[in-house]
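A short worksheet on the structure shown next.
The values are calculated or read from the model by the stated rules, or taken from the named source; none is laboratory data. It should be emphasised that the depicted structure is a prediction, and the values quoted were computed from it without experimental measurement. Reconstructed Cβ throughout: ideal geometry from the backbone, glycine too, with neighbour counts over all protein chains shown. Note: accessible area is taken over every heavy atom of the protein model, side chains too, but ligands, DNA and RNA are not part of it. Shrake-Rupley method; radii C 1.70, N 1.55, O 1.52, S 1.80 Å.
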Amino acid sequence: MFMGLGMPVPDIANIPGPSRPGWPSGSPDMEMVFRTTTANENIRIVGINLGNTNNALYYDYQVDWGDGTVESYQNDYDVNHNYVTPGDHNVKIIGQYAGFYPVSGNFSRTKLVEFKNWGDSIIRAFNYFFYGCTNMVYTAKDYPKWNGSMNLGLRDMFRQCTSITELDLSNWDSDMLSYAMDGGNSQGAFYNLNYCERLVLPDNINSGNCSTISTMFYGLGSGTADGAEIVFKNFTNNRSNLNISSLLHNSKLKFADFRNWTINSAGGTYWGYARYAVPGNYVDMRGWSTTGSGLTNFYFRQAQIEELRCDDWSEDLTRNITSWSHNMFSSKVKRIRGLQNFNFDSTTNGNNAMSSCPNLRFDSPENNFGTNSMTSGNLTGRFSMGNLGGSLSNEEEDNAYAPNISNWNVSNCTSFYQMFYGVNFSASDVDVSNWDFSSANSLASMFYRYNVYAKTRGTRLFNLQISTLTNSCTTLSSMLRQSTVTDIDFRGSDLSGITSFSHFWLSAYTLAGHVKRFIIDNNADLSSVSNMSNFNTGTLNSDDYSLLLRRLEATNNNTNVRLAAGSAKYDGGLIFPNQRYKSMTNSLTPNKVIDTTVDFTTLPVSIGDVAEIRRGNSYSYAKVTNITSTELTLDANVVLSGDSYNVQTSDTAKARYDLDVTQTWTITDGGPVVA
């Protein structure tokens, strides 16, 4: 506007509309409402103490107390007023006022019931600005002003403002917020906005060196019926290792729109721990990028969030995460969209990484691990997925595919304990046939309760192939316990270090009409085995069980070992192949089998064969030392009146005898095969 000589310069603070600073508020004053409930009640307003010099610059104002009293203040940040009559009092701060500091404890923060307008005052600090104003609603339509300098951070700015149900800050100056956060502490900025249903921050906040946004949305929406909506897009931070610990801790989300963040590196514990479940909720992180090393973790432990949207992430964002320990543990996430682009090459520890995620599914290629997701071999601790998919509905189970992990490099992983405990993969099974188990010392409980809850349980074959074990592996206890694994093939593995097969295949679920396979090399070394209690329940391929017995006898010198093989049968080479036992005609001689109904010299019985003597439900064994037409002389007194017998002639039977009698093993099984 051209102003002629002698014409007065207008007061631009009172120009209506967009030309006035602070528009669209329509007022240059900071305005709020305090509520008193008794006569002669005092209201106290405390500002932030900037020191004597700055206090003189930034505290020069009047207060219209709303009851006809107007007072002027200079260099004074702590003022109060007595109200004779109770009620709501519309208070205006006119002039320059640096900002509230209710954390002091003297501020009448619970009596502030509405903040209506920022006006034109230059704000010097946002930290703690509305802290603890539990009865305040925020109705301001304008935004705070600044002069390019302020105390840094948004720490606890709206913390515990539990009466706010909507907070739209989208029109705030993003440059101002960028400056406010840059290099400062923005922890808990919106901490415990329990009843806030929608929070919107401006786009393009570039807080290059903000140190922390930890607990920024802690508890947000936790008291709402349907959860809170958060919009915080296009955030940029270049600080090394931005702290985002507990970013969503204890929150209840409808959704969080965190699209297009740019970070150098970031991480912290529990940054996605949203405690309260809302059907269909999600965190949208599409468009994230990094200018440095990316994320240091992906910690959504116990998060009640159904979907994480990372569709277009590059591998650089996750490439440097060294530990996935408990990162997704016990979360309710159903899908990680974009998981195919996650890179696990730096991961050394995956302990309980995805364990107890009862709803997680890998129902499409983009929601599954990529082909080259873990190729470096840096993993030393198991990447466990126990109880995955345990709570899927019948419809969801139709797409409950196993994770795509066939090409994982686990060559340095030492333990696979409970890696797939209790998982539910109804649509397919995991493929570990290409895995390098050469560093493994334990596969204990690796497939314990595998697919035990799947609706497809007992309807398909699952042939598990493990060919790279070395003598470093000492235990396979409970490895297939209560699982749906139908066959196990250890050919190529060195089993010489295995000490325990305890509960190995106990109470497994079998496919109808299928006999389980336990396949080992013909020269397998089982010399260290000392515990096979509850090794197997149910049937087992007789050739496989026979080989197991022979290799145990050939390589193992341990005594007093318990082998419980369920109803597994072995090749006994019975001289009466069509019957389990035959009666004796005379059972009065304790070291002889006497049967005048047969001619033993014409039967395939030889010195050293094993006579099995049955007495009720108990069995005794002895070696044949002499043969006549009607008598077999034995090397032990095992015969009593009424006993029945058969003779086992196979190498397997002799091996079993040596284990049972010579090495005093306790063996329970289904006995020899009867034709």
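Miscellaneous remarks
- For the stretch 494-533, the square roots of the Cα gyration tensor eigenvalues, ordered a ≥ b ≥ c, give a/c of at least 1.5 with a/b no greater than b/c, which places it in the oblate category.
- Relative packing of 55-66, 577-588, which averages over residues the other C-beta atoms within 10 Å, highest first: 55-66, 577-588
- Rounded percent of accessible protein surface that carbon and sulfur make up, the chain, 1.4 Å probe: 43 percent
- Simple Cβ-charge dipole of the stretch 464-546, Lys/Arg +1 and Asp/Glu -1, about Cα centre, in debye nearest 20: 260 debye
- Among (1) 144, 51, 44; (2) 82, 61, 48; (3) 84, 78, 50, the entry derived from the coordinates for Cα extents along the principal axes in Å: (1)
- Taking the helices alone, the chain has a mean residue ellipticity at 222 nm of -1500 deg cm²/dmol, built from -39,500 (n - 2.57) per DSSP H run of at least 4 residues and averaged over all its residues.
- Between A39 and T291, the contour length at 0.36 nm per residue exceeds the alpha carbon distance by 84.7 nm.
- Accessible surface calculations at 1.4 Å, restricted to protein heavy atoms, place the stretch 375-492 at 34 Å² per residue.
- Among the chymotrypsin sites (Phe, Trp or Tyr not before Pro) in the stretch 476-574, none is located in a DSSP loop while being surrounded by at most 16 other Cβ atoms within 10 Å of its own Cβ.
- Think of the chain as having a plus end and a minus end, set by charges on the Cβ of Lys, Arg, Asp and Glu; of T625, G338, P279, T625 sits farthest toward the positive end of this dipole.
- Theoretical gain in end-to-end length, S433 to S528 [0.36 nm per residue, Cα-Cα removed]: 31.7 nm
- For the pair the stretch 83-135 and the stretch 288-352, the centres of their Cα atoms are 42 angstrom apart.
- Dipole of the chain computed with +1 at Lys/Arg Cβ and -1 at Asp/Glu Cβ about the Cα centre; of L464, Y131, V63, farthest Cα towards the positive end is L464.
- The chain - charge dipole about Cα centre, Lys and Arg +1 at Cβ, Asp and Glu -1, debye rounded to 20: 1120 debye
- Cα gyration tensor shape of the stretch 594-633, rounded if a/c is under 1.5, else prolate or oblate by comparing a/b with b/c: oblate
- Using alpha carbons only: equivalent-ellipsoid semi-axes of the stretch 365-515, gyration tensor based, whole Å: 24, 20, 13
- Surface analysis of the stretch 153-214 yields an accessible area of 32 Å² per residue, using protein heavy atoms and a 1.4 Å probe.
- The angle between the Cα long axis of helix 542-555 and the main principal axis of the chain comes to about 90°, on a 0 to 90 degree scale.
- Alpha-carbon centroid distance for the pair the stretch 608-675 / the stretch 160-216, whole angstrom: 82 Å
- Stokes-Einstein translational diffusion, the stretch 142-208 - Kirkwood Rh over all Cα pairs, 1.306 mPa s, 10 °C, in µm²/s: 128 µm²/s
- Loop-located trypsin sites (Lys or Arg not before Pro) in the stretch 461-530, at most 16 other Cβ atoms within 10 Å (DSSP): R491
- Global geometry of the stretch 187-326, whether rounded, prolate or oblate, following the gyration tensor of its Cα atoms and the 1.5 cut on a/c: prolate
- Dipole-positive endmost among G492, S433, Y448 within the stretch 382-502 (Cβ charges, Cα centre): Y448
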